[in-house]
1. Suppose the filter is touching a helix residue (DSSP H, G or I) at 6+ places or on another chain (Cβ under 7 Å), modelled with pLDDT of 95 or more, charged (D, E, K, R) and surrounded by fewer than 21 Cβ atoms within 10 Å (Cβ to Cβ); does A:Arg60 pass it?
2. Output the residues belonging to region B:58-114 that are of a type in the set (D, E, K, R), touching a Leu at 6+ places or on another chain (Cβ under 8 Å) and closer than 27 Å to A:Glu1 by Cα.
3. Please go through region B:82-111 and give me each residue that is in a strand (DSSP E or B), more than 10 Å from every other protein chain (Cβ to nearest Cβ) and within 22 Å of A:Ala90 (Cα to Cα), ordered by number.
4. Taking the options B:Ser62, B:Ser58, B:Ser73, name whichever one is under 18 Å from B:Gly100 (Cβ atoms) and either more than 13 Å from the chain's Cα centre (by Cα) or modelled with pLDDT under 95 (or both).
5. Looking only at residues in region A:74-89 that are in contact with a Phe, Trp or Tyr (Cβ under 7 Å, 6 or more places away or on another chain) and at the interface with chain B (Cβ under 10 Å from one of its Cβ atoms), which one is surrounded by the fewest Cβ atoms within 10 Å (Cβ to Cβ)?
6. If B:Thr76 meets every condition in (1) β-branched (Val, Ile, Thr); (2) part of a strand (DSSP E or B); (3) closer than 24 Å to A:Pro39 by Cα apart from one, which number is that one?
7. Residues A:Leu9, A:Leu50, A:Leu46: which one is within 11 Å of another protein chain (Cβ to nearest Cβ), within 28 Å of B:Ala54 (Cβ to Cβ) and not hydroxyl-bearing (Ser, Thr, Tyr)?
8. For region B:31-56, name all the residues that are more than 7 Å from chain A (Cβ to nearest Cβ), in contact with a strand residue (DSSP E or B) (Cβ under 6 Å, 6 or more places away or on another chain) and of a type outside the set (Lys, Arg).
Amino acid sequence: ELKVEQNPLFLSMQEGKNYTIYCNYSTTSDRLYWYRQDPGKSLESLFVLLSNGAVKQEGRLMASLDTKARLSTLHITAAVHDLSATYFCAVTRTSYGKLTFGQGTILTVHP
Amino acid sequence: GAGVSQSPSNKVTEKGKDVELRCDPISGHTALYWYRQRLGQGLEFLIYFQGNSAPDKSGLPSDRFSAERTGESVSTLTIQRTQQEDSAVYLCASSLQGLGDTQYFGPGTRLTVL
């Protein structure tokens, strides 16, 4: 059974600081996704990582994938309040993209 | 263009009643997925449609849950004889071909069973 674990589950940061969210998955997977969810809203796609060593960056967020370690990281640089949200990683092993999600990391950025 | 839409946005029902949740995918997307998100938890897969067939319905929690899709369009998730543990946000997503391409999520239906 494919399992996805994120840590930390709760992250309180000060503006301007850096931090990393980790996503571990239990078995070989085809693709890894990062999504953002604002309170009361749906999920917004951030990144899709396809292969070992893949790195993608958008603004203050950078995601990477190590398929050998079955680990993805989401690095936050110089956090700002607008980044406060819940971040989910998800992986798929099927050809049709059935997603298995982590528990989510609730990020709060304080002034 | 228009994204994935779902209705109703909120549904409050009494235990034992049946409910229908609707999803309108992005036009042209052949793949459609239903997920459930319980309070404070990640999303659980329920069912996958390719066109109007459902090759994977392994996530449906019980036979009280069923879903159908009309062509490559609207999908309806039906929960019969609702129970309190069915309370959750039900999210629908669609993707262009269902080959692992990005899934775009709707706003969800918040179901509360009293």
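1. yes
2. B:Asp86
3. Listed by number, the residues that qualify are B:Ala88, B:Tyr90, B:Ser94, B:Thr109.
4. B:Ser58
5. This residue is A:Phe88.
6. For B:Thr76, the failing item is (3).
7. Unique residue meeting the criteria: A:Leu50.
8. Selection gives B:Leu32, B:Tyr33, B:Trp34, B:Tyr35, B:Gln37, B:Glu44, B:Leu46, B:Ile47, B:Phe49, B:Asn52, B:Ala54.
The values are calculated or read from the model by the stated rules, or taken from the named source; none is laboratory data. Quick caveat, the model's predicted, so the values are computed rather than measured. Methodologically, a virtual Cβ is constructed for each residue, glycine included, from the backbone with ideal geometry; neighbour enumeration extends over all protein chains shown.
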